[in-house]
Amino acid sequence: MSDNSICKRRAEKVSIGYVQMYCDHFILTGHTQFYEKTSIIGHDKITAKCPRSTKITFIGRMYRESDPLYTARIISSIGRHMNCCVTFRGIVFHNCEISDFKFEDKGEDFIYMTLTLMTTDTITAAPGGTS
């Protein structure tokens, strides 16, 4: 088998507010709500559309602190008190709010983490990144 860079992807560091994690898996989802009505002659017609928030999910790991609740407290604090800006692989997500999170401490040197953010803002490229 040839030495191909697609087989060598490493977890990338991402900062979300005060938390730094190493992302192994990234999911970006969004949808638009369409409203439709049937016309007089019986054809469906879209009458309006409403874009919904973009959901950003990071799945990865972070270093385990000596206090097992340290990270959960930080995430809870961020979720209650502020929006954050997240840059990941040259993509910038502005005004993100934490939707939900999950931590798993399996007794290793790191904590498994799933963190979902929501934003209504337009996704942009980081300065110097590709657009």
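Could you line up 13, 45 from fewest to most neighbouring Cβ atoms inside 10 Å? Each step should come with its number before you reach the end.
Working: 13 12, 45 9.
In order of increasing Cβ crowding within 10 Å: 45, 13.
Can you sort 85, 96, 50 from fewest to most other Cβ atoms within 10 Å of each residue's own Cβ? Write down the numbers at each step before the final one.
Details: 85 14, 96 24, 50 8.
In order of increasing Cβ crowding within 10 Å: 50, 85, 96.
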Under 24 Å from residue 102, Cα to Cα: lysines that are on another chain or at least 8 residues apart: 13, 55
Exposure proxy order (Cβ contacts within 10 Å, fewest to most) of 98, 91, 46, 123: 46, 123, 91, 98
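Tell me, in nm to one decimal, what length is gained between residue 35 and residue 22 on full extension, where the rule is 0.36 nm per residue of separation less the Cα-Cα distance? Spell out each step's value before the answer.
Numbers: separation 13, 0.36 × 13 = 4.68 nm, distance 3.98 nm.
Extending this stretch completely gives an extra 0.7 nm.
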Label-point separation, residue 48 to residue 123 (7 Å along Cα→Cβ), nm: 2.7 nm
Extension reserve of the residue 109-residue 83 stretch, reckoned as 0.36 nm per residue once the Cα distance is removed: 6.5 nm
Two-site FRET efficiency, residue 97 against residue 69, from Cβ-Cβ distance with R₀ of 35 Å, rounded to 0.05: 0.95
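Just so you know, all these numbers are worked out from the coordinates, no wet-lab data involved. Source: prediction; values computed, not measured. All Cβ positions, glycine included, derive from the backbone under ideal geometry; neighbour counts span all protein chains shown.
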